[in-house]
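As structure tokens, the structure follows; a few thoughts come after it.
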Amino acid sequence: MFTGIITDIGEIRALKQEGDLRARIGTGYDMASVDLGASIASDGVCLTVVAKGPDWYEVQVSAETVSKTNLGGWTLGKRVNLERALKVGDELGGHIVSGHVDGVAEVVALTDEGGSTRLVFRAPDHLAGFIAPKGSVALDGTSLTVNEVSGAEFGINLIPHTKQVTTWGDIALGDRINLEIDTLARYVARLRDWERHVASA
């Protein structure tokens, strides 16, 4: 489990296709404190550490994960948002993030407003109903507040600090971004569907 507060920016150092996609990610984390088998959210995707060195770790990405995320577009040198798994007692500074990406959103508008940047995304139709004004979403692992929603499109605002400590300073029109909807919205929708099922039984 994660919070959507990015704590490091990694870099893709190696990519290898060996059945699954295997990636080596450079990091500023103290890897002596990271166990093999630990989870690190990498661009919002919960991935298991399968090998490590002093300043890097490796992950295996299944074909299923590649199909549901933007990780298939990783290239050497790409910067990646990183967050280690939440520990008991850690501050919950963002919102509860599982690291299980629901789909990919596309950047369809980008406007600089002073030092901030306003972005509009288009979500997949089947996820749009889970996104609400002033609600939370995780985008490439970053906990962000939704400003407004119009159909399948929604807007957010990036302050200068967020752009400096994440990969959001690299954003461009047309970029495909990992989207995880709010966990609470997921359960509310499931409860509603179940109540309809019971009522029609």
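Just a few scattered comments:
- The convex hull drawn around the Cα atoms of the range 8-84, when projected onto a plane and averaged over every direction, covers 4.4 nm².
- Going from the residue with the fewest nearby Cβ atoms within 10 Å to the one with the most, 187, 29, 57 rank 187, 29, 57.
- Dipole check for the range 79-201: with +1 at the C-beta of Lys and Arg, -1 at the C-beta of Asp and Glu, and the Cα centre as origin, the magnitude is about 220 Debye.
- Neighbour-count order for 188, 137, fewest beta carbons within 10 angstrom listed first: 188, 137
- Positive-pole candidate from 184, 93, 17, dipole of the chain, charges at beta carbon: 17
- Relative contact order for the chain, counting Cα pairs under 8 Å that sit 6 or more residues apart, in percent: 24 percent
- Convex hull volume of the Cα atoms of the chain, normalised per residue: 141 Å³.
- For residue 20, net neighbour charge (Lys/Arg +1, Asp/Glu -1) across residues whose Cβ lies under 13 Å away: -1
- Note on the range 84-201: Cα-only Rg and Dmax are 15.6, 56 Å.
- For 69, 162, order by how many other beta-carbon atoms lie within 10 Å, fewest first: 162, 69
Any read-out appearing in this document is the output of simple, stated calculations on the displayed coordinates, not a laboratory observation. Since the model is a prediction, treat every value here as computed from it, not as a measurement. So basically every Cβ, Gly included, is an ideal-geometry build from the backbone, and we count neighbours across all protein chains shown.
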